[in-house]
Amino acid sequence: LSVVDLNALIQRTIDANSTLLSRRKIILIPDLKLRPTRLDPEILTRVMQNLISNAVKFSPENGVVKVCTGDGSDTITVSVNDQGPGIPSEQIPQLFQKYGQTQLGNKRRGTGLGLFFCRLAAEAHGGTIEVTSQEGNGSTFTLRLKRNH
């Protein structure tokens, strides 16, 4: 663990996805306003890469992805919102399980391990990850971490 500027970490992840964003003509809107906190930068980079790349993968061409942050006294929140097809409510419980994928996910390559990893990483930082979604209206993945856990 080390003190990390999570804003910069998220921005580097966005920059690393610039080719994919450009190719899919997706606009990514960051709203980053976090104070530095103690966490594992390598693990959080992988979490952000997974959440952002999933949002881009499931968003339609010319879509918008938003990354928003919240900075509480003892909790950090990072939300990634896409304009994808949404997730049927009956499939949400399996998303964060090992090899869990939605029916849509099976049509798009993936291992089913990315969100499982995100859940384990969140828990290792004293936090959680959840999704809110509505079919046809996209999804929002929200990561909550304990500050200086």
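Numerical summary
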read-out	value
Residue with peak Gaussian network fluctuation, the chain [Cα springs, cutoff 10 Å], from 50, 81, 137	137
Relative contact order (%) - criterion: Cα under 8 Å, at least six apart; region: the chain	24 percent
Solvent accessible area, Å² - residue 82, 1.4 Å probe, full protein context	10 Å²
Lysine pairs in the chain with Cα atoms under 30 Å, if 8 or more residues apart or on separate chains	16
Carbon plus sulfur fraction of accessible area for the chain, probe 1.4 Å, in percent	50 percent
Gain on full stretching of the segment that runs from residue 2 to residue 61 - 0.36 nm per residue minus C-alpha separation	17.5 nm
For the chain, accessible area per residue (1.4 Å probe, heavy atoms of protein chains only), Å²	52 Å²
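The values are calculated or read from the model by the stated rules, or taken from the named source; none is laboratory data. Please read all numbers here as calculations on a predicted model, not as lab measurements. Ligands, DNA and RNA are excluded from the accessible area calculation, which covers all protein heavy atoms including side chains. Shrake-Rupley method; radii C 1.70, N 1.55, O 1.52, S 1.80 Å.
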